[in-house]
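The values are calculated or read from the model by the stated rules, or taken from the named source; none is laboratory data. Fair warning: this is a prediction, and the values are worked out from it, not measured in the lab. Cβ: placed from backbone, ideal geometry, glycine included. Neighbour counts: every protein chain shown. The accessibility values were calculated without ligands, DNA or RNA, using every heavy atom of the protein model including side chains. Shrake-Rupley method; radii C 1.70, N 1.55, O 1.52, S 1.80 Å.
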Amino acid sequence: MSIFERLPKLDETMRAAIVRALIYIGVIISLGYLAQQSNLFGPSEPVTVRMDMPSTLTLPGNGSALPVQVTVRLINNTKEVINLEAATSCNIFRWFIASTNGEFIQSEGDRNCVQAVVTATLPARETYEEKMELAFDSGRMQPDGRYHLVFQFWGKDGQTKFETQAE
């Protein structure tokens, strides 16, 4: 005699209630998992970095320098002050451009930097924002190209995508 034969026979309403309960439990577990994966309740990283820049850049026809205005944000998602440190002032913000298949296109040029450690603090739940102009070498990019601007700001890595078009 199996265990199922030993259990008392359940009527139709009881079986339907059990099935409904199992479905509700499955839906709740699925929603919890999806909320966790999508960072619905906030970022999982204590410090995040974001960059705003034009999504499409128009390349000048002569292959000259292309000035691009960007805004970089460092966001403290914690309830505590974050201490920031860079080996030199040149290490606060670094960048390079790569094609979507990973081919190196350009990096920032050489800069003269004081060889001294730079420190700063980012208060709890605050955002530090810096606006700057980057000089892209338009001769290294193709019209109708797709690229990634990979960057590091105060030691936090980020990237943003952009496209190019002919003038």
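The helix-only estimate of mean residue ellipticity at 222 nm for the chain, built from DSSP H runs of length n ≥ 4 each weighted as -39500 (n - 2.57), is -6000 deg cm²/dmol after division by the residue total.
Please sort by residue number the chymotrypsin sites (Phe, Trp or Tyr not before Pro) in the stretch 88-167 whose DSSP state is loop and whose Cβ has at most 15 other Cβ atoms within 10 Å.
none
Across all directions, the average projected area of the convex hull around the alpha carbons of the stretch 97-167 is 6.8 nm².
Using a cut-off of under 16 Å, list every residue of the stretch 91-135 whose amide N is near the label point 7 Å from the Cα of Val81 along the Cα-to-beta-carbon line. Flagged as within label range: 119-128.
Each part reduced to its alpha carbon centroid, the stretch 105-167 and the stretch 67-90 end up 12 Å apart. For Lys79, the aspartates and glutamates whose Cα falls under 12 Å of its own Cα, not counting residues fewer than eight places away in the same chain, are Glu126. Counting only protein heavy atoms and using a 1.4 Å probe, the accessible area of Lys156 comes to about 80 Å². Computed 3J(HN,Hα) for the stretch 136-153, one whole-Hz value per residue from the Karplus formula 6.51 cos²θ - 1.76 cosθ + 1.60 where θ = phi - 60°, is 8, 8, 5, x, 8, 10, 9, x, 6, x, 10, 9, 10, 9, 9, 9, 9, 10, glycine and proline marked x. Taking amide H atoms as placed 1.01 Å from N in the peptide plane, the amide H of Leu84 lies under 5 Å from those of Ala120, Thr121, Leu122, each 5 or more residues away in sequence or on another chain. Considering only the other residues whose Cβ falls under 10 Å of the Cβ of Val150, what net charge follows from Lys and Arg at +1 and Asp and Glu at -1? Charge balance in the 10 Å sphere: 0. Taking amide H as placed 1.01 Å from N in the peptide plane, the amide H of Leu57 sits under 5 Å from that of Glu163, Thr164, Gln165, each at least 5 places away or on another chain. Could you state the angle between the C-alpha long axis of helix 12-37 and the longest principal axis of the C-alpha atoms of the chain, as a value from 0 to 90 degrees rounded to the nearest 10? Tilt relative to the chain: about 10 degrees. Pro123: net charge of surrounding residues, Cβ under 13 Å, Lys/Arg +1, Asp/Glu -1, itself excluded? Local net charge: 0. Principal axis analysis of the Cα atoms in the stretch 19-167 yields extents of 69, 41, 22 Å, listed in decreasing size.
When each of the peptides 110-120, 81-91 is scored by the mean number of other C-beta atoms lying within 10 Å of its residues, the order from highest to lowest reads 81-91, 110-120.
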